[in-house]
Amino acid sequence: MGFRVECMDWTGGQIGNNDSANDIRDVDLTQVHYLSGPIGVEGAEPGDLMVVEILDVGTFDDQQWGFNGLFAKENGGGFLTDHFPEASKSIWDFHGVYTTSRHVPKVRYAGIMHPGLIGCLPSRE
């Protein structure tokens with residue numbers, strides 16, 4: 001059995017492919033970690049071991065990019081806020097398996113995408 005799952009980025013599309021970090025600064029952190037699922041598997045029972053084969057992970061045709069962001073101290077921050085108190089971001093454009101950024105010139109690397117975490121819900125008991 002095969003099927004396709006289309007997913008949003010973890011911010012639900014709040015970050016734009018632009019040169020401003022205002023969207024990182026102003027991101028609504030109560031609206032993050034969008035999940036795709038749950039996906040029901042007919043006949044599966046709590047405690048069953050399931051094998052999942054992921055055939056492909058990619059981007060939508062009109063969204064061939066990703067981002068890195070440093071959150072502002074006043075909006076959640078992180079462990080680097082003492083060094084980088086203001087929000088900043090870099091946009092990375094995908095070219096096949098490689099990625100480059102207009103914000104980090106002369107850098108090109110293999111940007112291997114991943115599906116995040118996959119797991120089974122525990123029993124309701």
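Here, each number is a calculation from the coordinates, and none is a lab measurement. If you're wondering where the values come from, they're calculated on a predicted model, not measured in any experiment. Here Cβ is always computed from backbone atoms with ideal geometry, including for glycine, and neighbour counts include all displayed protein chains.
R0 = 41 Å: FRET efficiency of residue 120 with residue 93, Cβ-based, nearest 0.05? Walk me through the numbers on the way to the answer.
On the way: r = 35 Å, r/R0 = 0.86.
Efficiency computed from Cβ-Cβ geometry: 0.70.
Could you tally the net charge around residue 123, taking each other residue with its Cβ under 14 Å from the Cβ of residue 123, Lys/Arg +1 and Asp/Glu -1? Walk me through the numbers on the way to the answer.
Details: positive: 124; negative: 45, 48, 125.
It works out to a net charge of -2.
Test of understanding: express the Cα radius of gyration of region 58-125 as a ratio to 2.2 N^0.38 Å, with N the residue count. Don't skip to the answer; put the middle values down first.
On the way: Rg = 16.5 Å, N = 68, 2.2 N^0.38 = 10.9 Å.
My calculation over the Cα atoms of region 58-125 gives 1.51.
When you count, for each residue, the other Cβ atoms within 10 Å and take the mean per peptide, how do 108-114, 86-92, 61-67 rank with the highest first? Display every interim value, and only then the final one.
On the way: 108-114: 10.4, 86-92: 18.1, 61-67: 12.7.
Highest mean packing first, the order is 86-92, 61-67, 108-114.
Tell me the Rg and the Dmax, in Å, that the Cα atoms of region 23-105 produce.
Rg, Dmax (Cα atoms, Å): 18.3, 52.
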